[in-house]
Amino acid sequence: MKAMLRSDSTAESSTDSAVPLLVYDGDCSFCTSSANRVAARWAGRARAVAWQTLAADELAARALTADDVRSAAWWIDGKGRRSRGHLAIAHALAAGTGWPAAVGHVLLVPPFRWIAAGLYPLIARWRYRLPGGTPACRT
């Protein structure tokens, strides 16, 4: 239930620009379940929000477009700095607690950062074949 509360798209979670935000593909079951698992470990006010729930003006307020969020996950920190793809996932993990936070921090430094950069497009392409994936995950 905690994960569900953290990943809903309430007015606070989608409009408060000081709140760190993970933007993911809500049509993809793999992405949704992954975002919920990551969000369950956040101790602060960070939120995970499906891009489909954000209005165009909410995306624009974060300097994102519909094409941006269709192509990759995004992490927007409390200062408005944006990270795309593998870096978004690394920052989202690092914002949590326990071993996933350690993994997130490791993924932010070379050579692991480079490896993650190569793996992210493969995972995004084949996510419909991963646990929790559905045909809707196919890009």
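Report the net charge of residues surrounding residue 74, where surrounding means a beta-carbon distance below 9 angstrom and charges are Lys +1, Arg +1, Asp -1, Glu -1. Display every interim value, and only then the final one.
On the way: positive: 62, 82, 84; negative: 68.
For residues surrounding residue 74, the net value is +2.
Determine the relative contact order of region 2-134: mean sequence separation of Cα pairs under 8 Å and six or more apart, normalised by residue count, in whole percent. Walk me through the numbers before you get to the answer.
Details: 216 pairs, mean separation 33.7, N = 133.
25 percent.
Can you give the relative contact order of region 15-62 as a percent, counting alpha carbon pairs under 8 Å and 6+ residues apart?
Values: 45 pairs, mean separation 22.0, N = 48.
Rounded, it is 46 percent for region 15-62.
Taking θ as phi - 60°, what are the ³J(HN,Hα) couplings along region 60-71 by the Karplus curve (6.51, -1.76, 1.60), each to the nearest whole Hz, with x for Gly and Pro?
4, 5, 9, 6, 10, 10, 4, 5, 4, 6, 6, 8
Please give the charge dipole size of region 2-134, origin at the Cα centre, charges +1 on K and R Cβ atoms and -1 on D and E Cβ atoms. Round to the nearest 20 debye. Kindly include the intermediate steps, with their values, before the conclusion.
Working: 16 positive and 10 negative charges, 100 e Å.
The dipole of region 2-134 has a size of about 480 debye.
Can you sort 67, 25, 77 so the residue with the fewest Cβ neighbours within 10 Å comes first? List each step's numbers first, then the result.
Values: 67 7, 25 23, 77 15.
If I rank by nearby Cβ atoms, fewest first, I get 67, 77, 25.
If we restrict to alpha carbons, what Rg and Dmax does region 2-134 come to, in Å?
Using the Cα atoms of region 2-134, the pair Rg, Dmax is 13.6, 38 Å.
Read-outs: derived from the displayed coordinates by stated rules, not from any lab. All of these numbers come straight from a predicted model, not from anything done at the bench. Because the Cβ atoms are built from the backbone with ideal geometry, glycine has one as well, and the counts that use them run over all protein chains shown.
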